[in-house]
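Nothing in this text is a laboratory measurement; each read-out follows from the coordinates by a stated rule. Keep in mind that what you see is a predicted model, and the values were worked out from it rather than measured. A quick note on method: Cβ atoms are made from the backbone with ideal geometry, for glycine too, and the neighbour counts reach across all protein chains shown.
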């Protein structure tokens, strides 16, 4: 996390949505959660907070936009903004994440 010297106790309020195999990280507590994170937090902070392994994440959407791809794995450096809706998904059946080509 990299914030300015005057950020103090500023927080961003986001909604996190858990889909497919990622839902197991909620331990039956529902698929959506409103959370606050310190200003400057990123997707990696969400994964760390819930104990989600990078290898388990197949798709990351922020406000409906796919931010998943990065040259060497997941793009977890996206810095959260107030009001963001972050959706996390494990592999989707019949996708290349399961070893089958997407058609």
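Observations on the model:
- Cβ crowding within 10 Å, taken as a proxy for footprinting-reagent exposure, orders 36, 87 from fewest neighbours to most as 36, 87.
- Rounded, prolate or oblate (a/c below 1.5 giving rounded, otherwise prolate when a/b exceeds b/c) for region 11-98 by Cα gyration tensor: oblate
- Residue exposure sequence - 88, 31, 59 - by fewest surrounding Cβ within 10 Å: 31, 59, 88
- Ranked for footprinting exposure by Cβ neighbours inside 10 Å, fewest first, 55, 84 give 55, 84.
- Percent of beta bridges antiparallel (DSSP, region 11-98, rounded to nearest 5): 75
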